[in-house]
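Trainee: I have a structure here, written as structure tokens, and I will follow up with some questions on it.
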Amino acid sequence: MLELEPALVDRATALATRGDRVVLGIVGEPGSGKTTLTLALKAALESRGVPVAWLPMDGFHLGDASLDALGLRSRKGAVETFDGWGYLAALRRVLTEVGNPVYVPGFERTLEQPIAADRVIPPGPALVLTEGNYLLDEASPWGLVREAAAEIWYADVPQDLRRSRLIARHVAFGKTRAEAEAWVAAVDEPNAERIRARRERADLIVPVA
């Protein structure tokens with residue numbers, strides 16, 4: 001597991017004291033290690049006794065049937081292929097419905113499909129970690145997503161390493177290497193450029209190697 005600097009865990013711990021529910025966003029380009037960072041931070045916080053929950057943005061991918069209807073399946077992963085309003089609604093529920101369980105979708109990478117009510121934010125106080133590609137985007141409704149988070153941290157990784165990880169992930173989930181390289185070049189890299197252009201809007205840059 002990724003080893004985190006104690007100061008990073010201290011900062012997250014301090015955020016958790018701001019209210020019953022506080023959202024900390026982790027953003028980064030495809031293959032940057034957002035989930036790795038999120039899960040390492042979650043484990044570190046739990047070891048300190050900090051109540052923590054995980055709400056991944058990937059669960060708000062549009063399903064293939066919706067993508068086909070919109071003519072967007074070949075752009076899966078682009079900002080317009082997510083249910084941004086649904087994600088924003090889930091964040092708002094998490095912040096306000098402290099006494100209720102809030103069920104949120106997950107994402108099954110083998111199927112490449114969202115799974116409804118796959119995760120739960122249990123009742124009670126928690127630092128809610130949410131990670132995804134477009135948490136710093138300004139397009140509607142993503143600017144409102146930014147406002148829902150107390151802070152957003154940017155997972156930063158060398159570009160060559162990020163691309164090699166991404167190709168390996170696509171191969172692991174069924175693409176040939178040639179298909180994976182083509183998809184990364186045509187789809188993932190334009191998305192990465194969009195995300196990277198908003199890097200300086202983050203509250204903190206976190207190296208993930």
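The values are calculated or read from the model by the stated rules, or taken from the named source; none is laboratory data. All of these numbers come straight from a predicted model, not from anything done at the bench. Don't worry about glycine lacking a Cβ; one is built from the backbone with ideal geometry, like all the others, and counts go over all protein chains shown.
Trainee: Checking Glu46 against (1) within 9 Å of Leu127 (Cα to Cα); (2) free of Cβ contacts under 8 Å to residues at least 40 places away in the same chain; (3) touching a strand residue (DSSP E or B) at 6+ places or on another chain (Cβ under 7 Å), which test does it fail?
Mentor: Single failed check for Glu46: (1).
Here's the yes/no breakdown for (1) farther than 29 Å from Val52 by Cα; (2) surrounded by 17 or more Cβ atoms within 10 Å (Cβ to Cβ):
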| site | (1), (2) |
| --- | --- |
| Val128 | no, yes |
| Trp142 | no, yes |
| Val145 | no, yes |
| Arg162 | no, yes |
| Ala168 | yes, no |
| Val171 | yes, no |
| Arg199 | no, no |
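Trainee: Moving to a separate point now. Tell me the residue from Leu4, Leu8, Leu24, Leu15 that is in a helix (DSSP H, G or I), among the aliphatic types (A, V, I, L, M) and in contact with a helix residue (DSSP H, G or I) (Cβ under 9 Å, 6 or more places away or on another chain), please. Spell out how you get there, then give the answer.
Mentor: Working: Leu4 fails: in a helix (DSSP H, G or I); Leu24 fails: in a helix (DSSP H, G or I); Leu15 fails: in contact with a helix residue (DSSP H, G or I) (Cβ under 9 Å, 6 or more places away or on another chain).
On inspection, the qualifying residue turns out to be Leu8.
Trainee: Would you confirm whether any residue within segment 56-64 is crowded, with 16+ Cβ neighbours inside 10 Å and over 18 Å from Gly106 (Cβ atoms)?
Mentor: No: zero hits.
Trainee: Among residues belonging to segment 147-159 that are in contact (Cβ under 8 Å) with a residue 60 or more places away in the chain and not in a strand (DSSP E or B), point out the one that is farthest from Leu41 (Cα to Cα).
Mentor: Step one: of segment 147-159, the residues in contact (Cβ under 8 Å) with a residue 60 or more places away in the chain are 148-157.
Restricting the remaining residues to those that are not in a strand (DSSP E or B) gives 148-150, 157.
Numbers: Ala148: 20, Ala149: 16, Ala150: 16, Val157: 17 Å.
Selected residue: Ala148.
Trainee: What number goes with the only condition from (1) touching a residue at least 60 places away in the same chain (Cβ under 8 Å); (2) out of contact with any Pro (no Cβ under 8 Å at 6 or more places or on another chain) that Ala65 does not pass?
Mentor: Going through the list (1) touching a residue at least 60 places away in the same chain (Cβ under 8 Å); (2) out of contact with any Pro (no Cβ under 8 Å at 6 or more places or on another chain), Ala65 breaks only (1).
Trainee: Here is a list of conditions, (1) in contact (Cβ under 8 Å) with a residue 40 or more places away in the chain; (2) surrounded by 14 or more Cβ atoms within 10 Å (Cβ to Cβ); (3) within 18 Å of Thr81 (Cβ to Cβ), and Val206 meets all of them except one; can you say which number that is?
Mentor: Every condition holds for Val206 apart from (3).
Trainee: Right, here's the next one. Being charged (D, E, K, R) and not in a helix (DSSP H, G or I) is the filter here; which residues of segment 160-207 pass it?
Mentor: Taking segment 160-207 first, the residues charged (D, E, K, R) are 160, 162-163, 165, 169, 175, 177, 179, 181, 188-189, 193-194, 196, 198-201, 203.
Once the filter is applied, which keeps residues that are charged (D, E, K, R) and not in a helix (DSSP H, G or I), segment 160-207 yields Lys175, Arg198, Asp203.
Trainee: From the list Ala209, Ala155, which residue is touching a helix residue (DSSP H, G or I) at 6+ places or on another chain (Cβ under 8 Å) and modelled with pLDDT under 95?
Mentor: Working: Ala155 fails: modelled with pLDDT under 95.
Answer to the check: Ala209.
Trainee: Could you tell me how many of the residues in segment 110-146 are in a loop (DSSP other than H, G, I, E, B), within 25 Å of Gly19 (Cα to Cα) and among the aliphatic types (A, V, I, L, M)?
Mentor: 2
Trainee: Could you check how many residues of segment 68-109 are assigned to a helix (DSSP H, G or I) and either over 14 Å from the mean Cα position of the chain (by Cα) or β-branched (Val, Ile, Thr) (or both)? Even if it seems obvious, please write down each step before you answer.
Mentor: Filtering segment 68-109 down to residues assigned to a helix (DSSP H, G or I) leaves 68-70, 73-75, 79-81, 84-96.
This time we only want the ones that are either over 14 Å from the mean Cα position of the chain (by Cα) or β-branched (Val, Ile, Thr) (or both), so: 68-70, 73-75, 79-81, 85-86, 89, 92-96.
Of the residues in segment 68-109, 17 are assigned to a helix (DSSP H, G or I) and either over 14 Å from the mean Cα position of the chain (by Cα) or β-branched (Val, Ile, Thr) (or both).
Trainee: Looking only at segment 109-126, decide whether some residue is surrounded by 14 or more Cβ atoms within 10 Å (Cβ to Cβ), in contact with a Pro (Cβ under 9 Å, 6 or more places away or on another chain), basic (Lys, Arg) and in contact (Cβ under 8 Å) with a residue 40 or more places away in the chain.
Mentor: Yes - at least one qualifying residue is present in segment 109-126.
Trainee: Quick check on Ser32: is it surrounded by fewer than 21 Cβ atoms within 10 Å (Cβ to Cβ) and at pLDDT 95 or above? Write out each step before concluding.
Mentor: Working: surrounded by fewer than 21 Cβ atoms within 10 Å (Cβ to Cβ): no; at pLDDT 95 or above: yes.
So Ser32 does not fit the description; no.
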